[in-house]
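The values are calculated or read from the model by the stated rules, or taken from the named source; none is laboratory data. Bear in mind that the values here come from a model prediction, so they are computed numbers and not experimental data. Neighbour counts are summed over all protein chains in view; Cβ atoms, including those assigned to glycine, are modelled from backbone coordinates with ideal geometry.
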Amino acid sequence: MGVSRTAPRRRKRRPPRVRTVLIQLDGLSALWLNRWLRERRFLPGQKPATAGSVAAGGLARLAAAGVRARSLAPVDPSVTATNLATQLTGVFPARHGILSNRFFRRGKRVNGFTEPLGAEPLWQAAPRQGLRTVTWAALGTRCDEPPSSLLRTACYAAGGRVSRPQPAMDVTLAPRGGNARLELRAGRRARGRPRITLGLRRSEKNKAGKVTLVLPAGAVLRGGAPDLGAGEGRDVLWSGGTLPDGTQAPRRLTHIVLRSFDPRPGRARFYVSGTAINLARPTAFGRTLDRAGLIRPAMADEHSFQHGRIDERLFCRTGLAELDAAVALARTLGRGDTFDLAILYVGAVDSFGHMLLAGKGRQELSSAEVARYRAALERVLREVDQRLALILDALDLKRTRVVLASDHGMVPVFHDVSLRAALFSVDRRIRVVTAAGAGFVHLPTGVDPTAVEKRLAALRVAGKSVFAKGRVVRADSFARLGLPVTAADLFVQASPGFALSHRRTKTLTAWPRNQATHGYRSELPAMHGVFLAAGPGLRAPSSARILGPLHMTQVAAAVCAAVGMQPPKHARPGPPGLWKPPPLPGPH
């Protein structure tokens, strides 16, 4: 009896899914981008780049392959946490609840970067609609991130006690035996193993003056051999140990640089960046990256640069490490069909602008220092542009829709004004909280807001009015700014060039910690960010490559149109007709 055999059915090959990536590039000014595309330089007075290097960079490629807005207007205050939250939710601060980088909530000062969002963000709306979503340090997913001030290290000689934690350290290495030690800490709020100790000894292989790192169990060295010469750095990837529930804690990543080593006395000077912990979500995606050792490094170390512990070259090097990690992540994402929406946050440009955009005429800096800082900023911005090109190569614009949006611009600052000290004469009980050039004022019972308004209107520093080009707004007018009435009694924004602080001092002014800042009125062109979009299915014709000015609340809807999903609840509409609906080849 014969057996009939039927040929096996060939599975119909499904077309690859169109993927969408939102890159939140913190601090990139629209003025910088427009000047780069028009004059081939980011800052005025700098030597233009070659036409070929501009065209090969990521920004010009996105603009040529897609569309860009003339500018992207922020919401008030024009600070990072508030506008990142607006990009992700499509609503004003009155609804998403992130009022500033720092603000009072229920009588307690809170951090806007680690507070939960009060409105539905993209990374919640997409999974709710069955879309695979991954995030890389997106706002609202970072609520368990340790504060950067706790990510410090300690260094001590053989048999010595732990010195005060600091990122730049000196230690003496004995000629024979008795290794010195370097302790890396993960911060008090980090789950799992809190610290590890590395051994330090003179290198036996080279008498030219090298230091050998001796790693404990559970630590791996990346970037070369354990022998460090002056100026060389290594990444230390170390285990977080086992948690009480039996799961593995996230791994930690710390970057170590041997700044100098004098062999005769054995004096070695190290620089150690903050210790980073994986901030990728969802948890399964984070564990995958953790196993691969792909961890977003600690942010560029502004604190050490401000205090003169590191120069602008090492500062830029620490910041560019974040871009290098983003390139590695893009290559990981580009290899497979594992997501529909990815959200990547990159904060290095904001740090570069704060520390290096020095204003001409700043009194505590010489003209040579100002020129050196601005030249360093120009160089590092071009480095960022080159790494953006690598990210685009990895993602493949033929099958990936990319939206790049920044949150605000930047202007040089010349004076730091203590808002607390300015209001001492009105009432010592007044509470203030500030971020960059903006702040909230909370008045105790019985204090007339008119007295505060008069005091601020009369406030002058170096012959200039602190609030002449800013504003002082009462709570009953908060709605027109998109702020909740319960945020404070007064909202203030200084004139550009003034930074506001809540220093506990009677001294009104001080040298500003940052060379530049933001937070000023959202209608100022210098506060505007950028918006670029490219990828398959872009509807805009070549004659409409440049869109009119957009608003920060429109970013979420633009991303949703690229993904083919409904926007988050209450989100404002985006630019009309930007994308064709993406092809959906069926279930995953």
Could you go through the stretch 347-355 and let me know if any residue there is hydroxyl-bearing (Ser, Thr, Tyr) and out of contact with any helix residue (DSSP H, G or I) (no Cβ under 6 Å at 6 or more places or on another chain). no
With the requirement that a residue be of a type in the set (A, V, I, L, M, F, W, C), in a loop (DSSP other than H, G, I, E, B) and either surrounded by 24 or more Cβ atoms within 10 Å (Cβ to Cβ) or under 19 Å from the mean Cα position of the chain (by Cα) (or both), what does the stretch 46-81 give you? Val75, Val79
Give the residue that is nearest to Ala405 (Cα to Cα), with candidates limited to residues of the stretch 525-546 that are modelled with pLDDT of 95 or more and part of a helix (DSSP H, G or I). Met527
Can you run down the residue pairs with Cβ atoms below 7 Å, 6 or more apart or on separate chains, where the first is in the stretch 250-274 and closer than 22 Å to Glu312 by Cβ and the partner is charged (D, E, K, R) and surrounded by 23 or more Cβ atoms within 10 Å (Cβ to Cβ)? Ser273/Asp301; Gly274/Asp301
Members of the stretch 454-489 found to be within 25 Å of Thr553 (Cβ to Cβ), assigned to a strand (DSSP E or B) and over 28 Å from the mean Cα position of the chain (by Cα), listed by number: Val472, Val473, Arg474
Quick check on Pro146: is it farther than 25 Å from Ser260 by Cα and modelled with pLDDT under 95? yes
Scan the stretch 8-43 residue by residue and report those that are assigned to a loop (DSSP other than H, G, I, E, B), modelled with pLDDT of 95 or more and exposed (fewer than 13 other Cβ atoms within 10 Å of the Cβ). none
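Which one of these is in contact with a Ser or Thr (Cβ under 7 Å, 6 or more places away or on another chain) and either closer than 30 Å to Trp123 by Cβ or small (Gly, Ala, Ser) (or both): Arg251, Arg191? Lay out the reasoning, then the answer.
Numbers: Arg191 fails: in contact with a Ser or Thr (Cβ under 7 Å, 6 or more places away or on another chain).
The match here is Arg251.
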Checking Leu84 against (1) modelled with pLDDT of 95 or more; (2) under 22 Å from Leu490 (Cα atoms); (3) surrounded by 24 or more Cβ atoms within 10 Å (Cβ to Cβ), only one condition comes out false. Which one? (2)
What are the pairs with Cβ atoms under 9 angstrom where one residue, in the stretch 283-302, is under 16 Å from Ile256 (Cβ atoms) and the other, located anywhere, is among the hydrophobic types (A, V, I, L, M, F, W, C) and part of a loop (DSSP other than H, G, I, E, B)? Sequence gap at least six, or different chains. Ile295/Leu279; Ala298/Leu151; Asp301/Ile310
Of all residues making up the stretch 547-585, the number that are modelled with pLDDT under 90 and in the same structural domain as Leu88 (by TED's automatic domain parsing): 2
Those residues of the stretch 444-472 which are over 23 Å from Lys108 (Cβ atoms) and of a type in the set (Val, Ile, Thr) amount to Thr450, Val461, Val466, Val472
Exclusive hit being outside the structural domain of Asp350 (by TED's automatic domain parsing) and not in a helix (DSSP H, G or I), set Val403, Val447: Val447
Considering (1) in a helix (DSSP H, G or I); (2) out of contact with any Cys (no Cβ under 9 Å at 6 or more places or on another chain); (3) in contact (Cβ under 8 Å) with a residue 40 or more places away in the chain; (4) closer than 23 Å to Ala394 by Cβ, say which one Val380 fails and leave the rest. (2)
